[in-house]
Structures are given as C-alpha cells and as structure tokens.
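For reference, the structure is listed below as structure tokens.
The values are calculated or read from the model by the stated rules, or taken from the named source; none is laboratory data. Computed from a predicted structure; not experimentally measured. Here the Cβ is made from the backbone with ideal geometry for all residues, glycine too, and neighbour counts use every protein chain on show. Calculation scope for accessible area: heavy atoms of the full protein, side chains included, ligands and nucleic acids excluded. Shrake-Rupley method; radii C 1.70, N 1.55, O 1.52, S 1.80 Å.
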Amino acid sequence: MFFESEEKIENAKESFENGVYSGAIYLAYQSLVNSAKALLLAENKKTNTHAGIIKDFDELFITSGRIDLGTSFSEMIYQINKFAPTAEFATKYIDNANQFLGKVRAYRALETQLEK
C-alpha cells in the first residue's frame, strides 16, 4: 500500500544527493499525497485531485484527531508553496514526508489489527 510513497522518498533523497533540490521537494510532495491517498482509499473515499486528497485527509484524520501531526496536513504539505527550493528546505520536507509515511503506516497497521 505504501510502497510507492517509499519509492518517491528514495528518489527524493537521490535527487537531493544530485543537488536537484526542486526535484527532491516535488518527489517528497508526491510521497505525501500518495500516502494520504492510500489511507483515504482504505476508507473508501474518492481521491480525484491533490487538493481534494489534502482537504479530505485533514477532515477525516487530522480534525477528527485520528492522526496527530502537530499541524494540519495542508499546512505541512503546502510548505512547498512558501519556501524556496533550498537544500535546507529540501532536507526538512523530505523528513516531513518520511515521518508522515511512518505515521500513516502505523495508523493503517493498527486499523488492520482492529478489523481482525
């Protein structure tokens, strides 16, 4: 379920190593969207657009308190629009994507156990 997100994070790290910070940031963004989409699909929610995925994830998981990010998902993901593609921001954003993947993976594992 989360393999594609992991792959995008690995590709982001590779882009970062090659000094392509904007590419690394975009791949981390794709990982964030993909991870959120995977969880929404597990809840049988429609996932037509990135904006819809972000909004629905906030409503279903963050506002409800089911997952705690310390901020909204939209705040986290839309940092991409607020910061220049520097090495510093790329490092932080890739780390955010990695931590987010860990949280949604843990949440899904717990949900799967409870369903059994």
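Descriptive notes on the structure:
- Residue in the range 28-45 that is assigned to a helix (DSSP H, G or I), under 14 Å from residue 91 (Cβ atoms), within 14 Å of the chain's Cα centre (by Cα) and modelled with pLDDT of 95 or more present: yes
- Pairs with Cβ under 9 Å, 6+ apart, first in the range 1-20 and over 30 Å from residue 111 (Cα atoms), second exposed (fewer than 13 other Cβ atoms within 10 Å of the Cβ): 16/87; 19/87
- Qualifying residue in the range 11-19 (condition: out of contact with any strand residue (DSSP E or B) (no Cβ under 9 Å at 6 or more places or on another chain), open to solvent by 10 Å² or more (accessible area, probe 1.4 Å) and in a loop (DSSP other than H, G, I, E, B)): yes
- Any hit, the range 30-39, residues being of a type in the set (Ser, Thr, Tyr) and open to solvent by less than 20 Å² (accessible area, probe 1.4 Å): yes
- Residue 60 vs. criteria in contact with an Asp or Glu (Cβ under 8 Å, 6 or more places away or on another chain) and either open to solvent by 70 Å² or more (accessible area, probe 1.4 Å) or among the aliphatic types (A, V, I, L, M) (or both): yes
- Those residues of the range 63-100 which are free of Cβ contacts under 8 Å to residues at least 24 places away in the same chain, assigned to a helix (DSSP H, G or I) and open to solvent by less than 70 Å² (accessible area, probe 1.4 Å), in sequence order: 74, 79
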